[in-house]
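Reviewing the structure listed below.
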Amino acid sequence: INAEYMGQLAWGHGAFFAKTKMIANTAAPKWNEKFTLYPPQDVTMLSLLVFDADDVGSDDFMGCTRITLDPSVTPNRDHWIRLAPREQNASDYKLATKHKGNLGEIHINWNYTHVEGQGGPRLLGQSGPSASGSGSGPATRPGAATPIATATSTTLELTIVSAAKLAKADIGGSSDPYVEIYTELSPKPSFKTDVISKNLNPQWNKTFNMTVPLSTSNLTFIVMDHDVVGSDDFLGKGVLDISNREDGQHTLQLGPRENNKEDLALQTKNKGLGTLCIWTKWK
């Protein structure tokens with residue numbers, strides 16, 4: 001993404017105490033700035049945050065990483081670090097989802113040096129470390145992972161509420177519907193509802209708790225007619241865009257599967273395939 005990038009440094013999860021210069025109109029900024037840092041005695045983590053600088057309004061978050069201040073865990077050398085959302089931040093998760101979980105990487109070089117009397121966390125049996133680092137810009141090549149927890153998924157409370165005006169699949173002029181729920185990454189349904197017999201306007205009010213990868217931007221819902229003998233019959237398909245991770249009620253217009261003549265014939269015969277009502281709540 002071409003933007004006006006700058007980096008910020010903070011101890012732990014606190015306010016930033018230093019920042020780089022701003023690099024404009026590039027997706028791969030190169031700062032090459034050096035900082036000499038003296039961590040407070042009770043601090044064991046350094047946070048690096050990347051922002052897009054805005055002239056009007058607040059700056060936009062672009063990614064962060066947390067570095068453990070212990071040379072036995074994060075030794076002296078070059079590190080390519082994957083950027084991630086801040087913990088439990090819905091806006092950051094939406095940004096990561098928009099970019100399929102990839103917020104880029106940042107290249108850091110640092111060296112630990114014991115400085116007597118400067119305080120800081122205990123490192124390798126000593127007290128009073130300092131750290132210095134210079135960056136050469138976010139990278140696209142893979143690099144060594146740092147010992148931080150990177151969010152890869154979000155939790156969704158999904159309720160299949162009801163359907164209306166479903167197609168008639170059985171000889172008696174009714175259907176026995178149930179709903180299957182699919183993510184983009186799986187050919188098999190993640191969940192499915194119970195069957196409601198002989199009803200074209202079923203109400204399930206069934207809630208599922210789903211772990212949804214950040215890279216997932218759509219959920220697919222397939223409504224089927226249960227048959228005691230033979231295979232179940234297709235009744236309709238709906239797709240929900242979840243890239244914005246929005247809470248609330250959604251009404252999906254059911255349609256045929258792609259390039260399926262039988263589905264198109266069913267839709268024509270019934271003058272539509274009805275609607276599906278669902279409710280989403282992101283955690």
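The values are calculated or read from the model by the stated rules, or taken from the named source; none is laboratory data. Because the structure is a prediction, the values reported are computed rather than measured. Note that we place each Cβ from the backbone using ideal geometry, even for glycine, and neighbour counts take in every protein chain shown. Accessible surface areas use protein heavy atoms only, side chains included; no ligands, DNA or RNA. Shrake-Rupley method; radii C 1.70, N 1.55, O 1.52, S 1.80 Å.
Residues whose amide H falls under 5 Å from that of Leu69, counting only those 5 or more places apart or on a different chain, are Met45, Leu46, with hydrogens built in the peptide plane.
With θ set to phi - 60°, apply the Karplus curve 6.51 cos²θ - 1.76 cosθ + 1.60 along segment 225-242 and write out the HN-Hα couplings as whole Hz, x wherever there is a Gly or Pro. Couplings: 9, 7, 10, 5, 10, x, 7, 6, 9, 5, 10, x, 10, x, 10, 10, 7, 10 Hz.
Per-residue Karplus couplings for segment 251-261, computed as 6.51 cos²θ - 1.76 cosθ + 1.60 with θ equal to phi - 60°, are listed in order as 10, 9, 7, 7, x, x, 6, 5, 6, 10, 5 Hz, Gly and Pro entered as x. Here the Karplus curve 6.51 cos²θ - 1.76 cosθ + 1.60, taken at θ = phi - 60°, turns the phi angles of segment 207-212 into couplings of 10, 10, 9, 10, 8, 10 Hz, with x standing for Gly and Pro. Heavy-atom accessible surface of Val229, to the nearest 10 Å², is about 130 Å², with a 1.4 Å probe and all protein chains retained.
Say a paramagnetic label sat at a point 7 Å from the Cα of Glu157, along Cα to Cβ; which residues of segment 240-283 have their backbone N under 13 Å from it? Under 13 Å, as judged by backbone N against the label point of Glu157, lie 247-248, 279-283 of segment 240-283.
Every pair of different Cα atoms in segment 170-283 enters the Kirkwood calculation, which places the hydrodynamic radius at 15.0 Å. Here the extension length gained between Lys30 and Gln253 equals 75.5 nm, from 0.36 nm per residue of separation less the Cα-Cα distance. Between Gly236 and Val223, the built amide H atoms are under 5 Å apart, and every one of these is 5 or more places off in sequence or on another chain. Label positions at Ala18 and Asp60, each projected 7 Å from the Cα along the C-beta direction, are separated by 2.8 nm.
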